[in-house]
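This report concerns only the one structure given below.
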Amino acid sequence: MPKFIELPFHDWLVDIRRALHQIPELCYQEKKTAAKICETLDSLGVDYQKNIGKTGIVVRLKANEKGPTIAYRADMDALPLTEANNVPYKSKHDGLMHACGHDGHVTIALGIIRWLKDQEWQTKGCGEILFFFQPAEEGGAGARAILDTGFFDRDPIKAIFAGHMNPELPVGDIELIYGTAHAATNTIRIKIKGKGGHGAEPHHCIDPIVAGTHLVNQFQTITSRTLDPLDSAVLTIGEFHAGTAENIIPEEAYLNGTLRTHSPEVRKKAVSRIENMTKSLEAAFAVTTTLENIEGYPTHVNDAGVVDHIKCCATDILGPNSIKIGRPSMGAEDFSYFCQKWPGAMVGFGCHDPAKGFEFALHSPFFDMDERVLDVSVDLMGRTMIKFINQTTASK
Ligand SMILES: [Zn+2]
Ligand SMILES: [Zn+2]
């Protein structure tokens, strides 16, 4: 049975989350969201820097006594999706929705700050905690935008923590993943240029559709015949555009796809095969090809020591049966940039309750969370971070 924790400021958390839920904003446009964060920090009497990485906000919470520095990250952006839930706090922004739970993530970070204030951590504790409210997780690499400012290059961050809603688990349960947790992404854009003409006279034409279909089929052999079966990779060609009528051989065909991999070596090998196979169409079909390979997020790798620490704390706080050790996913997460720089780990916060209708996946227009997840996550992450600082101090 999962454990529920109710904080004395539960209603405050719910109010913030619902206010944010009504004002979802896309990558780097999180102005109202940033304003709400600033307003809340002002009410708590907490200083912050704003417009970091465009719309991000960073809080430096220092205890009086010196000690190690750690960090917590929350993402702020929403998705281009029309909310299908009929709730009083439904999105007021047409066509936009917090369907990935980032409204909850921001609320949890603000909640931890309030929790630390209530605990009088700054007078009783030691060290420093940075809170990154980052923009643009959903494809805009907001984490990198924050790091690229260079403002945090000299912060000796011992560990960075983050959490993400996990609608596959009930409130009170968490998911932890050792090592690789999310995939690296590459966007592949291919243009195949042939020679258009009459559908009845293929011998006078060069058909880019036939060449393209061969390419899509050849790509299926990359994961099945080129890569080690024990390595994970996915190549999906999600778009294939060509032609205007049934009796016209078109001039061009366009293929767009996504490559997901779990290691730099596999990523490199797969990209090289994609390049070679695309080029080989020129000899085989007399087409010309252009290929654009756009590198997306790197692999997200959790630090085993930080995961161990969270597991140990969660065992005390939530009970050993509440911890699920998960497997890596082929999804992507730009927390990866922080984890490349500092040892870090992300926790999956169980937030479902099918009995109450909270049973839909992330990115679904029906996604919603059991708001008790806010209390559990604030308490868990607050205690976990304090303990990390104290243990790091003690082991010096
Ligand atoms: Zn998402
Ligand atoms: Zn997300």
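Every number here is computed from the coordinates shown, using simple stated rules; none is lab data. For clarity, every value in this text was computed on a predicted model and none was experimentally measured. Methodologically, a virtual Cβ is constructed for each residue, glycine included, from the backbone with ideal geometry; neighbour enumeration extends over all protein chains shown.
Between I294 and T226, the FRET efficiency estimated from the beta carbon spacing at R0 = 35 angstrom works out to 0.95. Between N217 and D148, the modelled label-to-label distance comes to 4.2 nm, taking each label 7 Å out from Cα in the direction of the beta carbon. Neighbour counting of Cβ atoms within 10 Å sorts the residues R18, R327, fewest neighbours leading, into R327, R18. In this simple spin-label approximation, S395 and A304 carry label points 7 Å from Cα along the Cα→Cβ vector, and these lie 1.4 nm apart. Backbone geometry of the range 202-215 corresponds, through the Karplus equation with coefficients 6.51, -1.76 and 1.60 at θ = phi - 60°, to 3J(HN,Hα) couplings of x, 5, 9, 10, 10, 8, x, 6, 4, 4, x, 5, 4, 5 Hz, x marking Gly and Pro.
Net charge dipole, the chain: roughly 940 debye, given to the nearest 20, about the Cα centre with Cβ charges of +1 for Lys and Arg and -1 for Asp and Glu.
Sorting I108, I294, I70 on the 10 Å Cβ count, fewest up front, what's the list?
Taking fewest neighbouring Cβ atoms as first place, the list is I294, I70, I108.
Volume per residue for the chain equals 161 cubic angstrom (convex hull of Cα atoms). Put simply, the amide H of L81, placed in the peptide plane, has neighbours under 5 Å in L96, M97, leaving out anything fewer than 5 places away on its chain. Sequence-ordered 3J(HN,Hα) estimates for the range 11-21 from the Karplus curve with 6.51, -1.76 and 1.60 and θ = phi - 60° stand at 5, 4, 4, 4, 4, 5, 4, 6, 5, 5, 4 Hz, glycine and proline given as x. Listed by chain and number, the aspartates and glutamates whose C-alpha is less than 12 Å from the C-alpha of K356, apart from same-chain residues fewer than 8 away, are D368, D370, E371. Bridges between two residues of the chain, per DSSP, are antiparallel at a rate of about 65%. Using a Gaussian network model of the chain with C-alpha springs under 10 Å, which one of R154, R267, R383 is most mobile by mean-square fluctuation? The residue that fluctuates most here is R154.
For the pair R327 and E201 in one chain, pulling the backbone fully straight at 0.36 nm per residue adds 40.1 nm over the alpha carbon distance.
Fewest-first ordering of S364, S336 by other beta carbons within 10 Å of each residue's beta carbon gives S364, S336. Partners of K66 within straight-line reach, counting lysines whose Cα lies under 22 Å from its Cα and excluding those fewer than 8 residues away in the same chain: K117, K124, K158, K387, K396. Between H93 and S263, the modelled label-to-label distance comes to 4.0 nm, taking each label 7 Å out from Cα in the direction of the beta carbon. The local environment of F151, defined by Cβ-Cβ distances under 15 Å, has a net charge of +2 under the rule Lys, Arg +1 and Asp, Glu -1.
Could you work out the relative contact order of the chain? I mean the mean sequence separation of Cα pairs under 8 Å and 6+ apart, divided by the number of residues, in percent. Contact order relative to length: 24 percent.
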